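Read the structure below first, then the notes.
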Amino acid sequence: MTIATHPITAKAHTNIALVKYWGKLDTQLIIPQNDSLSMTLDEFYTKTSVQFLPELATDKVIFDGEELSDKDSAKIRTFLNLVRDLAHITYRAKVETKNFVPTAAGLASSASGFAALAGAASRAAGLNLNRRDLSRLARRGSGSATRSIFGGFVAWQQGHDDETSFAYPIDEQPTWDLAVIALVLTAKQKKISSRVGMQLAVETSPFYVEWIKASQADFETVKTAIQNQDFTLLGHTSEQNAMRMHALTLSSDPNFTYFNADSLRAMKMVKDLRLQGIPCYFTMDAGPNLKIICQGADAERIAQHFQAVFGDKQVLITRPGSGISISD
Ligand code: 2P0
């Protein structure tokens, strides 16, 4: 095991959860309360290079060309400490990271970000982790990053400790033609982070126990839908699961919501399209930007429909993406 003598670069894509993770059993180790399931997206990714260098007194993090302050790089430096502990090294690192996600599109860059960082930093430190262990490491940065190690459809097995909580691929290269359309309804930063929002739900929502039961059932249903390439079952269950997650924000104390007026309008449009016989479903994460799940052949016309109404907003079509790649 030797420290790499040149920067190691990793590329990881972001993912959209069809069965959501919303709450931790262990906030330190990031052990979730339930299994979750996602699709990795090809258009949105992060590229990160890492080199551990003897001459550095502190970690240096350059994000989209700008050096981050100590405060802004705190999570990354904590993560690098984990990698140093694993590799038994003390050198500080130079990290350069670039997000290929439309500016502040609300498309979980922490998923692709910590997956790419896990890949680049571990190999730069001389560790040669298999993908399961990479997924466990990425989990320590951000829960959703656990799933971004793999491509296509990915499950994150809840597990009960650091060893047993990891992602695994369900179908890395789906042969059915699926698309996700991202509606960038606002580029504003969310007021309540996922981390804070999910903890509030665990601690205060009276529906939390029911959410766990329902999402475990959704997990099995979506897995079956993927095995049978059953688009209706996949779309319907994903939409239901998203709304159940958002019911947790509404039932938290204090209550809050990630919906804005445009999100509600876009949800109605998705339902109207379905009534017109165009199969599509929505999902939404910890921000107001809706993602529409549809079949690839319908993606262009559905996107045009939304572009016509939300003319000034970005409407982006993406398809299943690949898992992490790491340079030698
Ligand atoms: C998910 N989200 O399954 C869910 C659905 C957002 C909504 O995982 O605290 O940034 O770093 O583990 O991974 C976003 O939360 O939270 C997320 P932490 P993360 O994709």
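The values are calculated or read from the model by the stated rules, or taken from the named source; none is laboratory data. These numbers come from a predicted model, not from an experiment. Note that each Cβ is placed from the backbone with ideal geometry, even for glycine, and that neighbours are counted across all protein chains shown. In case anyone asks, the SASA skips ligands and DNA or RNA and just uses the protein heavy atoms, side chains included. Shrake-Rupley method; radii C 1.70, N 1.55, O 1.52, S 1.80 Å.
A few points about this structure:
- The range 147-194, residues that are among the polar types (S, T, N, Q) and touching a Leu at 6+ places or on another chain (Cβ under 9 Å): Gln158, Ser165
- Scope the range 51-77; condition touching a strand residue (DSSP E or B) at 6+ places or on another chain (Cβ under 7 Å) and free of Cβ contacts under 8 Å to residues at least 24 places away in the same chain; matching residues: Glu67, Leu68, Ser73
- If you go through the range 42-65 and pick out every residue that is over 30 Å from Asp177 (Cβ atoms) and either touching a Pro at 6+ places or on another chain (Cβ under 6 Å) or modelled with pLDDT of 95 or more (or both), you end up with 15.
- Any hit, the range 184-196, residues being of a type in the set (Gly, Ala, Ser) and modelled with pLDDT of 95 or more: no
- Only strands (runs of 3 or more DSSP E) whose full extent lies in the range 1-100 are considered here, and the ones with at least 1 residues that are open to solvent by less than 20 Å² (accessible area, probe 1.4 Å) and more than 16 Å from the ligand (Cβ to nearest atom) are 8-19, 36-53, 60-63, 92-100.
- Ile30 fulfils the conditions (1) touching a helix residue (DSSP H, G or I) at 6+ places or on another chain (Cβ under 6 Å); (2) at negative phi except for a single criterion, (2).
- Flag if Ile170 is open to solvent by less than 30 Å² (accessible area, probe 1.4 Å), within 16 Å of the ligand (Cβ to nearest atom), within 26 Å of Leu290 (Cα to Cα) and touching a strand residue (DSSP E or B) at 6+ places or on another chain (Cβ under 8 Å): no
- Selection within the range 178-205 - surrounded by 15 or more Cβ atoms within 10 Å (Cβ to Cβ) and part of a loop (DSSP other than H, G, I, E, B): Leu185, Thr186, Lys190, Ile192, Ser205
- A single member of Asp133, Asp162 is away from the ligand (no atom under 16 Å from the Cβ), open to solvent by 10 Å² or more (accessible area, probe 1.4 Å) and either in the same structural domain as Thr78 (by TED's automatic domain parsing) or of a type in the set (Lys, Arg) (or both), and it is Asp133.
- Hits in the range 265-285 - residues which are touching a residue at least 60 places away in the same chain (Cβ under 8 Å), open to solvent by 10 Å² or more (accessible area, probe 1.4 Å) and of a type in the set (A, V, I, L, M, F, W, C): none
- Inside the range 206-251, residues that are within 16 Å of the ligand (Cβ to nearest atom), within 25 Å of Thr175 (Cα to Cα) and open to solvent by 60 Å² or more (accessible area, probe 1.4 Å) make up a count of 1.
- Residue within the range 179-200 that is among the basic types (Lys, Arg), over 15 Å from the mean Cα position of the chain (by Cα) and under 15 Å from Gln33 (Cα atoms) present: no
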